[in-house]
1. Considering the alpha-carbon set of the chain alone, what are its Rg and its Dmax in angstrom?
2. Using a 7 Å offset from the Cα along the Cα-to-Cβ direction at both Thr9 and Ile50, what is the distance between the two label points in nm, to one decimal?
3. Work out how much length Glu34 to Leu58 would gain on full extension: take 0.36 nm times their residue separation and subtract the Cα-Cα distance, in nm to one decimal.
4. Among 3-12, 41-50, how do they line up by average Cβ neighbours within 10 Å per residue, starting with the highest?
5. I'd like to check one number: the per residue accessible area of the chain, probe 1.4 Å, reported in Å² as a whole number.
6. For the stretch 1-50, which whole-number percentage of the solvent-accessible area (1.4 Å probe, protein heavy atoms only) is attributable to carbon and sulfur atoms?
7. Rounded to the nearest 500, what is the chain's calculated 222 nm mean residue ellipticity when only DSSP H runs of at least 4 contribute -39500 (n - 2.57) each, over all residues?
Amino acid sequence: MFCWIIFITIPVVAMAFLTGRFTAKYAAERGRSEHAWFLLGALLFPIFPIAWMTLGLLPRK
């Protein structure tokens, strides 16, 4: 059972990291805080495009 938990957790954490990184890079291009948007992108990774749409709607700083 423990093997399955590890087997599932590794790809989930990797996806959360990647989506947070992509969101943070896009936020930095738009003049927003990279750290805050990394956390939001990583936490909201199951609904990945929502963070990008929100960033797209916000005005540039």
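1. For the chain, the Cα radius of gyration and maximum Cα-Cα distance read 13.5, 48 Å.
2. 2.5 nm
3. Details: separation 24, 0.36 × 24 = 8.64 nm, distance 1.46 nm.
Stretched fully, the Glu34-Leu58 segment lengthens by 7.2 nm.
4. On the way: 3-12: 9.1, 41-50: 15.3.
Output ranking for 3-12, 41-50: 41-50, 3-12.
5. 76 Å²
6. 81 percent
7. Values: 3 runs with 48 residues, N = 61.
That calculation yields -26000 deg cm²/dmol at 222 nm.
The values are calculated or read from the model by the stated rules, or taken from the named source; none is laboratory data. Please read all numbers here as calculations on a predicted model, not as lab measurements. Virtual Cβ from ideal backbone geometry, glycine too; neighbours counted across all protein chains shown. Ligands, DNA and RNA are stripped out before the accessible areas are found, and what is left, the full protein with its side chains, is counted by its heavy atoms. Shrake-Rupley method; radii C 1.70, N 1.55, O 1.52, S 1.80 Å.
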